[in-house]
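Reading through the structure tokens given below for one structure.
The values are calculated or read from the model by the stated rules, or taken from the named source; none is laboratory data. Small disclaimer: the values here were computed from a predicted structure and weren't measured. Backbone-built Cβ (ideal geometry, glycine too); neighbour counts: all protein chains shown. Please note that ligands, DNA and RNA were not included when accessible areas were found on the heavy atoms of the full protein model with its side chains. Shrake-Rupley method; radii C 1.70, N 1.55, O 1.52, S 1.80 Å.
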4 protein chains.
Amino acid sequence: MPTQETLIPLSGWRRKLYIIIYEADTRAGRLFDLTLTLAILVSVACVMLESVAGIRQRYGALLSLLDWFFTILFTVEYALRLICVHKPLRYVKSFFGVIDLLSILPLYLGLFIPESRFLADIRILRLLRMFRILKLSRHLSEALELRRALAASRRKITVFLATVILLVIILGTLMYVIEGPEHGFTSIPISIYWAIVTLTTVGFGDITPKTPLGQALASLVMITGYGIIAVPTGIVTAEIARGKPASRSDNQSATRLCPHCFSEGHDWDAHFCKHCGGQLPRPSRDQVS
Amino acid sequence: MPTQETLIPLSGWRRKLYIIIYEADTRAGRLFDLTLTLAILVSVACVMLESVAGIRQRYGALLSLLDWFFTILFTVEYALRLICVHKPLRYVKSFFGVIDLLSILPLYLGLFIPESRFLADIRILRLLRMFRILKLSRHLSEALELRRALAASRRKITVFLATVILLVIILGTLMYVIEGPEHGFTSIPISIYWAIVTLTTVGFGDITPKTPLGQALASLVMITGYGIIAVPTGIVTAEIARGKPASRSDNQSATRLCPHCFSEGHDWDAHFCKHCGGQLPRPSRDQVS
Amino acid sequence: MPTQETLIPLSGWRRKLYIIIYEADTRAGRLFDLTLTLAILVSVACVMLESVAGIRQRYGALLSLLDWFFTILFTVEYALRLICVHKPLRYVKSFFGVIDLLSILPLYLGLFIPESRFLADIRILRLLRMFRILKLSRHLSEALELRRALAASRRKITVFLATVILLVIILGTLMYVIEGPEHGFTSIPISIYWAIVTLTTVGFGDITPKTPLGQALASLVMITGYGIIAVPTGIVTAEIARGKPASRSDNQSATRLCPHCFSEGHDWDAHFCKHCGGQLPRPSRDQVS
Amino acid sequence: MPTQETLIPLSGWRRKLYIIIYEADTRAGRLFDLTLTLAILVSVACVMLESVAGIRQRYGALLSLLDWFFTILFTVEYALRLICVHKPLRYVKSFFGVIDLLSILPLYLGLFIPESRFLADIRILRLLRMFRILKLSRHLSEALELRRALAASRRKITVFLATVILLVIILGTLMYVIEGPEHGFTSIPISIYWAIVTLTTVGFGDITPKTPLGQALASLVMITGYGIIAVPTGIVTAEIARGKPASRSDNQSATRLCPHCFSEGHDWDAHFCKHCGGQLPRPSRDQVS
């Protein structure tokens, strides 16, 4: 049986770094996470502002500088995360490992394809990790309950979506034949796009039927859409109503992290990861409850 | 009592063909179904691409050739389905029999009415049969549960739709009188179309009220629509919540087919069709579980 | 205690007429109701067709003639209904009495205000009475169940609508101040109209925010609207789920009518009206079950 | 223990004024509240009419006069409320104290920033207080039930909204990169605004995707929006269905007001405020039940 010492890095500084970066229970760990959250928010704001033509013309240089500053910061952080973890590849392939990498790539890619640098925005997903530091374990458990309800209605929703897809293909084809290119239904894929816009009750109005027959069919589509909006709602509602209020909600251990598979949400008194079976580190002493 | 031998064709090759085409439990049957699925998907993609003006100009000849290739393929398949079945008329009148015929007609019709050849897209419905080969019996049983919930709320939904239809006729007439042709409400049918667009919260914006009175009535329509969207949802949700999780879900026999009435979803241990009472063929030996 | 003879007209021909017109259980009564339904549908279709400019130019004279034919027919019918009933004023003030009158007035009014003749469409509401002749007692009982659910959630929906009205007034005012007349928000009432269009997720797009602040507020409105669409649905769903399946559904007496207050839905074995306490006529002998 | 005399003002006229203004159980109090309601409705109507250009040009002077009349009236009322209450600061900081102040400020502010005077509309919120005088205690208790259901689903809705916000940021960024400024997606914030418009199924149509890839992504967004509209509905419905019908509904004491913290909804037989623990005045004798 592997002891705890073999799971998180042995050497002193790597071990300390691991606790600061991956754990949220020490003061240093909390400070690190809060700084990171702030950096993510500011850098995303920068990317957004840079996309506004008026602001880019004025403050383009400054924003570009900030972009590079944050990207290098996150690159260093990514390197540190790789160094201080026992099995770097596991981190790289974990959900947050992929997100962390995607957060720094766009700007480097932007050297070749200018537009792609705006994709740095995707780093907003890194905030998902922050549920932990904000001690939002109750929210987390309600989120898990929602996910459970959605997972339980997985198959029903698949069946529903498959029906919708078949429906829009047939409706799109019919509208293409009825209305034709002269009324904006330029091709079957465009007509399918119109059918989706209509069936989901979005109704942009960029393409609208002009012939009486087309309008009659569109009316049918809309009333159908109105009716079948009831189906996913019914599925999810029945599933949520079936569920019990989460019993884990008072458990403070939502901040614990498995050092093997990087999964979260372990119980306070858990010794082993419920996902990969690896041993969990003991909860730290100076934790703020 | 009819024995099994009298139900599916007696002669060797017709019997073998029947098992390949209609059953999904032998290796040959699976291969046939997978090939068919692929052919359907590719041919639908061809029809869609052909409708895009840019692609038609370039690859029109090729796509037209493929269209004819697949249509002839499906025509041959239709003929084989007719030949190898004991009572061809039953197949012709069954749900999938009609779909199969509709899948091959458009291109032949297209020789007279060019536009109609795009309706070949309708063959996407043939994929519904593929639930069987993909062994999606769990999905099938959830689909049946959804259908049960919808069927149980049939009458309530009819009442609701009848109310909506009366409502849009009256609202459309009122808007026609209030706004008149000069604001786009050119006739009562068009105004009813507008009322449906608005009540279902689609809101294309191709026709909008301009007079204060018209806007006030439209506001009323929208708030009503917002309110009555609750009714079908409530009906379906209550029905789904009432239902038990399907108990048939572990039953592998969703791939069995009645050779008399072409119904599916027979239990693993069933000997007779639950819809027409006809005897079912024994499940094949080399079935992949 | 009044005997049955004093309730429906005493004299032979008035009594016979009453049974034909108000009851649906004799052959003559059924024939009368079916003819009436047909006349209503055809006359409504005439009014609709007349509103289409192209058709009016061609067949205007014919349609106008048909309009007058049906209006005179319904006027005669209205007179007969008045004559053959024991207490005509009660009929005049009943729901269907008002509808019947509204169905014949528009054309006479149209002599003075031409546009108003299209309101004759309102006679489509007379079809509500036809639930009786079609023996749709099951549908009727489900409709009653829906009405019960809506009535039970009456107060919650009132509270909800009051909240929505306060909300759109404040949002409309804010948008008017933020965007101003130069972006289409020409007055507070128009801005309130926009707020309703947006909050109900209809989104015509005839008025849209142009300033960043306006778009931010609009985003807030939309997400709010998305959220609060859940409230009426939740109310109605909970109420429908609470209800039991209607137990009256097999009761054939939905075709019985109280000759005193013109209410419907009396039980098969009822002797007195459950609404006004008046004695009910015996169910006729040659009733089709 | 404080006696009742120390809670509401001691001196005769302030005490009388307090009962008239803050209580709704005496005749004078009812008259005061009804007058106030009328004044609020008329003044809001004035502000709205003033915003319509045509009406402003004609009746601008009159409406401006009425504006000032009502603002001075409400200012005097605000002063009286301050004078007759024992602890004025508590009133100023209470919910209705803030609303009352916001109702009179805009016109004074309008002397410096003309547009802001339309914000006087916000005084419509003062009507919330009127639930009391209209003896709408049943509606109030249903409103409280709705609030309870919403409060109970607070965390689930927060999780849901956080997910939606992350989603629209990423979708907006992707659409900005795919479509670019030439198709109306001029910046990331505008693209996020578009994503919100689309995901909430509002669909103004002021910005629409033009490229095939953009339309494909938009289709995905719409189907997602269609699906996740089910989630808040499911949450709220499950919560409402869980709740019992309010048991307080027959309690007439919804018109009682705590003189300490200005909270409402105290039970008929309560002697102390359930929110701040202060002693409640006895219900008045001439109360209309």
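Based on this model, can you work out whether B:K87 counts as touching a residue at least 12 places away in the same chain (Cβ under 8 Å) and open to solvent by 50 Å² or more (accessible area, probe 1.4 Å)? Against the criterion (touching a residue at least 12 places away in the same chain (Cβ under 8 Å) and open to solvent by 50 Å² or more (accessible area, probe 1.4 Å)), B:K87 qualifies. If the condition is being over 20 Å from B:R147 (Cβ atoms) and polar (S, T, N, Q), then segment A:210-238 contributes A:T211, A:Q215, A:S219.
Condition check ((1) farther than 19 Å from D:I196 by Cβ; (2) in the same structural domain as C:I170 (by TED's automatic domain parsing); (3) charged (D, E, K, R)) across all residues:
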site	(1), (2), (3)
C:Y193	yes, yes, no
C:V197	no, yes, no
C:K210	no, yes, yes
C:Q215	no, yes, no
C:V221	no, yes, no
C:G225	no, yes, no
C:I229	no, yes, no
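Taken together, the criteria exclude B:S94 from residues that are among the polar types (S, T, N, Q), under 20 Å from the mean Cα position of the chain (by Cα) and surrounded by 20 or more Cβ atoms within 10 Å (Cβ to Cβ).
Within segment B:92-115, the only residue that satisfies the criterion of being under 25 Å from A:A162 (Cα atoms) and at the interface with chain A (Cβ under 10 Å from one of its Cβ atoms) is B:P106.
For segment A:211-226, what are the residues that are away from chain D (no Cβ under 14 Å) and either buried (at least 24 other Cβ atoms within 10 Å of the Cβ) or more than 12 Å from A:G172 (Cα to Cα) (or both)? Within segment A:211-226, A:T211, A:P212, A:L213, A:Q215, A:A216, A:A218, A:S219, A:L220, A:I223 meet the criteria. Against the test of being at pLDDT 90 or above and either outside the structural domain of B:L80 (by TED's automatic domain parsing) or open to solvent by 50 Å² or more (accessible area, probe 1.4 Å) (or both), the options B:L10, B:L63, B:L41, B:L34 yield a single qualifying residue, B:L41.
Could you check segment C:194-210 and list, in sequence order, the residues that are open to solvent by less than 10 Å² (accessible area, probe 1.4 Å) and without any contact (Cβ under 8 Å) to a residue 12 or more places away in the chain? Result: C:V197, C:V202, C:G203, C:F204. If you go through segment A:201-210 one residue at a time, do you hit one that is of a type outside the set (D, E), assigned to a helix (DSSP H, G or I) and more than 7 Å from every other protein chain (Cβ to nearest Cβ)? No, that holds for no residue.
Of all the criteria given as (1) modelled with pLDDT of 80 or more; (2) under 28 Å from B:T163 (Cα atoms), the one not satisfied by C:L144 is (1). From the set of residues in segment A:146-164 that are of a type outside the set (A, V, I, L, M, F, W, C) and open to solvent by less than 20 Å² (accessible area, probe 1.4 Å), which is nearest to the other protein chains (Cβ to nearest Cβ)? Step by step, filter segment A:146-164, then rank; the result is A:K156. Among residues of segment D:109-122 that are in contact (Cβ under 8 Å) with a residue 40 or more places away in the chain and surrounded by fewer than 20 Cβ atoms within 10 Å (Cβ to Cβ), none has a Cβ under 7 angstrom from a residue that is part of a helix (DSSP H, G or I) and not aliphatic (A, V, I, L, M) at a sequence gap of 6+ or on a separate chain. If the condition is being free of Cβ contacts under 8 Å to residues at least 24 places away in the same chain and facing chain D (nearest Cβ under 10 Å), then segment A:227-237 contributes A:A230, A:T233, A:G234, A:T237. Go through segment B:165-185 and count every residue that is open to solvent by 10 Å² or more (accessible area, probe 1.4 Å), more than 7 Å from every other protein chain (Cβ to nearest Cβ) and within 35 Å of the chain's Cα centre (by Cα). So the answer is 3.
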